[in-house]
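Engineer: Questions regarding the structure given below will be posed in turn.
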Amino acid sequence: MKILYFKILFIAAGMVLLLTTVPVFGQSIDSPVSIGSFNNLAIKIGKAMRAIGGAIGIIMLLVGAYQYITSAGNQEKTKTAHRLILWAVIGLFVLLIGENWVTIFCSIIPCS
């Protein structure tokens with residue numbers, strides 16, 4: 001029965017990863033070589049990190065929720081699941097405010 005839950009969990013996580021990282025067909029993709037300044041490079045890297053990190057964060061939330069549900073009252077498993085969920089939420093929060101990191105960095109050090 002646990003194997004069935006893991007299969008369902010990994011299929012759901014794979015679908016989330018696929019839906020969040022694959023661009024919609026028919027869109028044009030900019031060449032990554034044509035970067036005009038450090039600011040543009042940092043923005044492109046930030047967007048890629050947000051896409052990958054967001055998918056990983058959601059997967060970690062699902063894994064933590066699964067561990068929490070299947071802990072069956074075991075204090076160690078519940079504590080581990082709680083920490084996993086907490087750090088996944090913190091990571092997602094950092095990703096949400098991550099777009100402003102480039103602006104802050106470029107205000108301290110000239111990026112153009």
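Engineer: Where does each of R83, R50 land when they are ranked from fewest to most other beta-carbon atoms within 10 angstrom? Kindly include the intermediate steps, with their values, before the conclusion.
Structural biologist: Values: R83 12, R50 16.
Neighbour counts put them in this order, fewest first: R83, R50.
Engineer: Order of S37, S71 from fewest to most other C-beta atoms within 10 Å?
Structural biologist: So the ranking, lowest neighbour count to highest, is S37, S71.
Engineer: Provide the gained length on full extension for the span S107 to N40, in nm with one decimal, where the gain is 0.36 nm per separating residue minus the Cα-Cα distance.
Structural biologist: On the way: separation 67, 0.36 × 67 = 24.12 nm, distance 1.42 nm.
That pair, S107 and N40, stretches by 22.7 nm at full extension.
Engineer: If I stretch the segment between A72 and I52 completely, what's the gain in nm (0.36 nm per residue apart, minus their alpha carbon distance), one decimal?
Structural biologist: Working: separation 20, 0.36 × 20 = 7.20 nm, distance 3.18 nm.
Stretched out fully, the A72 to I52 stretch lengthens by 4.0 nm.
Coordinate-derived values only; no laboratory data. Quick caveat: nothing in here was measured; it's all calculated off a predicted structure. Using ideal geometry, Cβ is built from the backbone for each residue, glycine included, and neighbour counts are taken over all protein chains shown.
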